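The values are calculated or read from the model by the stated rules, or taken from the named source; none is laboratory data. As the structure is a prediction and not an experimental result, all values here were calculated from the model. FYI the Cβ positions are ideal-geometry reconstructions off the backbone, even for glycines, and counts take in every protein chain you see. The area values use the complete protein model at the heavy-atom level, side chains included, leaving out ligands, DNA and RNA. Shrake-Rupley method; radii C 1.70, N 1.55, O 1.52, S 1.80 Å.
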Amino acid sequence: MPDLTTQYIPILLRWIHVLFGIIWIGHLYFFNFVNVNFEKSLDAAMKKPVIPQLRPRALWWFRWGAMITMLSGVIYLVWEQFVASNLAFKGWF
């Protein structure tokens with residue numbers, strides 16, 4: 001019977017990957033469909049106070065959503081191929 005570590009780590013990594021993937025793709029849609037039209041509607045006087053407040057916060061979440069999605073996917077792949085089984089990428093090539 002597998003121990004709790006080999007059962008819960010893949011589940012945790014999968015859920016982290018899905019959650020931060022949703023955050024990443026959600027911010028991608030936000031930038032493309034909401035923020036572009038919003039910034040077009042602002043006049044020059046309003047862009048100066050609004051954009052420096054909005055853009056860095058959204059980019060922070062976008063950047064780390066992408067980073068954690070990538071890292072959790074790679075860690076999950078390595079876990080499944082090297083730790084949880086003895087295949088070590090033998091069937092890949």
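To keep it simple, each residue is scored yes or no on (1) surrounded by fewer than 15 Cβ atoms within 10 Å (Cβ to Cβ); (2) of a type in the set (A, V, I, L, M).
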residue	(1), (2)
Leu12	yes, yes
Val18	yes, yes
Trp24	no, no
Phe30	no, no
Phe38	yes, no
Pro52	yes, no
Arg57	yes, no
Ile68	no, yes
Val74	yes, yes
Discussion item. Given (1) within 20 Å of the chain's Cα centre (by Cα); (2) touching a residue at least 12 places away in the same chain (Cβ under 8 Å), identify the lone condition not met by Arg63.
Written reply: (2)
Response to the item:
Residues in the range 40-50 that are open to solvent by less than 80 Å² (accessible area, probe 1.4 Å) and among the small types (Gly, Ala, Ser) total 2
Worksheet item: When residues of the range 1-30 are filtered for being closer than 19 Å to Leu59 by Cα and at pLDDT below 90, how many remain?
Response: 0
Discussion item. Residues that are touching a helix residue (DSSP H, G or I) at 6+ places or on another chain (Cβ under 6 Å), under 27 Å from Gln7 (Cβ atoms), modelled with pLDDT of 95 or more and not β-branched (Val, Ile, Thr): does the range 70-82 have at least one?
Written reply: yes
